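Quick one: the structure is below, and I'll ask about it shortly.
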Amino acid sequence: MFRPFIIPVFLPHSGCPHRCIFCNQTAITGYTEKFPGRHDLLKTISRFLQHKGKNRGKTEISFYGGNFLGLSWQQIQLCLDAATSFVEKNKVDGIRFSTRPETICPQILRRIAAYPITTIEIGVQSMIDSVLELSNRGHSAADARQAMALLKKTEYQTGIQMMVGLPGDTRHGSLFTAMEIAALAPDFVRIYPTLVIKGSPLAQWYQTGRYHPLTLEDCVSRVKRLYQIFTAFHITVIRMGLQATEGLSSESVLAGPYHPALGHMVLSEIMKDLAVKKISYLAPDVSEVVLRVHPKNYSRMQGLNRKNISELKETFRLSRIHLLADDAIPVSDVAVALL
Ligand code: SF4
């Protein structure tokens, strides 16, 4: 299946009723806070379209980085009209956007129904009210349930974004949030770590010792459990970790579990757990094993800098591990054999 081609249009903090504690979209996206006019929108979209290579799936224009349905109706129309002009010329297949849960209501859904929108993502972040309050989100878990109930009556694809490591959040809290989100049955989820971004209110909390971010290790372990919960419910996890945009670098991040390959690290851990389980069934005195994985999992099985291979060798006192790619092995499995 071909990967979709997404044209991102960043609207940093546009339509936001206030600033959430962890957020500084200007640092995240590298864009300024000026709202674009029609000419800017058409230019941005046209420029991105030029980069569409061959063998790409459907093309969508995506409005990100703010609270789309919190914009004035004039601004919403401006964006949707500009994007629709590309759909009408068959250059783009549809439009998607992210918005806050409390902005979804029957009236707005009626107003946007005429546009070729395919996907709506809502930023839920947590399903625990005390965590939402500490993060200054300004909405409740009930708002997220209500929004999804309304979206489920439509034809839109739905996505939910959640975060781990928010102030007041715990491992148990993250798992609870994942279970609650799974019960809402979105088509996909994104899982973001809480990072201390320069210029965000959380940066002040961090500097005064009021907030302690997750370590990278804790974050990977927590996101791994969430990934397993969502996949058990057949919900696709389309992203783990913050998008490594030009604007987000170690310079924008003051502290927290930032790693450009967080998703890869999570999937590598899952592969390692599978291998540990399988190798532990072998006799204790084996010295060489063959691991066969689907080609998609080859580098995941190795881990970053072959970390998994070194750890497996050490744990099981193996002298050698032969790792082979084999497309007969299911993506969710590892086959282990003696040499
Ligand atoms: S997290 Fe979303 S709603 Fe909150 S300030 Fe940032 S862009 Fe706005």
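Before we move on, is Glu121 within 16 Å of the ligand (Cβ to nearest atom) and out of contact with any strand residue (DSSP E or B) (no Cβ under 9 Å at 6 or more places or on another chain)?
On the way: within 16 Å of the ligand (Cβ to nearest atom): yes; out of contact with any strand residue (DSSP E or B) (no Cβ under 9 Å at 6 or more places or on another chain): no.
So Glu121 does not fit the description; no.
Mind listing just one residue for me: the one in region 12-22 that is surrounded by 22 or more Cβ atoms within 10 Å (Cβ to Cβ) and at pLDDT 90 or above and, of those, farthest from the ligand (Cβ to nearest atom)?
Of all residues in region 12-22, those surrounded by 22 or more Cβ atoms within 10 Å (Cβ to Cβ) come to 12, 20, 22.
Filter once more, so that each one left must be at pLDDT 90 or above: 20, 22.
Values: Cys20: 3, Phe22: 7 Å.
So the residue we want is Phe22.
Yes/no per residue for (1) in contact (Cβ under 8 Å) with a residue 24 or more places away in the chain; (2) buried (at least 18 other Cβ atoms within 10 Å of the Cβ):
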| site | (1), (2) |
| --- | --- |
| Pro116 | yes, no |
| Ser126 | yes, yes |
| Ala142 | no, no |
| Pro167 | yes, yes |
| Phe176 | yes, no |
| Ala182 | yes, yes |
| Phe188 | yes, no |
| Ala203 | yes, yes |
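I would also like to ask the following. Can you name the condition, by its number, that Leu42 falls short on among (1) away from the ligand (no atom under 16 Å from the Cβ); (2) in contact with a Pro (Cβ under 9 Å, 6 or more places away or on another chain)?
Failed condition: (2).
Ok, one more. Is there a residue in region 155-165 that is assigned by TED's automatic domain parsing to the domain that holds Gly66, farther than 30 Å from Asp93 by Cα and among the charged types (D, E, K, R)? Show your work before the answer.
The initial filter retains those residues of region 155-165 that are assigned by TED's automatic domain parsing to the domain that holds Gly66, namely 155-165.
Next cut, farther than 30 Å from Asp93 by Cα only: 164-165.
Now drop any that are not among the charged types (D, E, K, R), which leaves none.
Looking for residues that are assigned by TED's automatic domain parsing to the domain that holds Gly66, farther than 30 Å from Asp93 by Cα and among the charged types (D, E, K, R), one finds none in region 155-165, hence no.
Now, a different point. Just for strands (runs of 3 or more DSSP E) wholly inside region 168-283: which have at least 3 residues that are small (Gly, Ala, Ser), under 29 Å from His322 (Cα atoms) and at pLDDT 95 or above?
none
Hey, another quick one. Taking Phe97, is it without any contact (Cβ under 8 Å) to a residue 60 or more places away in the chain, surrounded by 15 or more Cβ atoms within 10 Å (Cβ to Cβ), within 16 Å of the ligand (Cβ to nearest atom) and farther than 18 Å from Gly138 by Cα?
Criteria met by Phe97.
Separate question: What pairs come out if I take residues in region 68-91 that are within 14 Å of Gly15 (Cα to Cα) and within 16 Å of the ligand (Cβ to nearest atom) and pair them with residues that are hydrophobic (A, V, I, L, M, F, W, C) and modelled with pLDDT of 95 or more whose C-beta lies under 6 Å away, six or more apart or interchain?
Phe68/Phe97; Leu69/Ile108; Cys79/Phe63
Would you call His264 surrounded by 13 or more Cβ atoms within 10 Å (Cβ to Cβ), closer than 28 Å to Pro213 by Cα and touching a residue at least 24 places away in the same chain (Cβ under 8 Å)?
yes
The values are calculated or read from the model by the stated rules, or taken from the named source; none is laboratory data. Source: prediction; values computed, not measured. For neighbour counting, all protein chains shown are included, and Cβ atoms are generated from backbone atoms with ideal geometry for every residue, glycine included.
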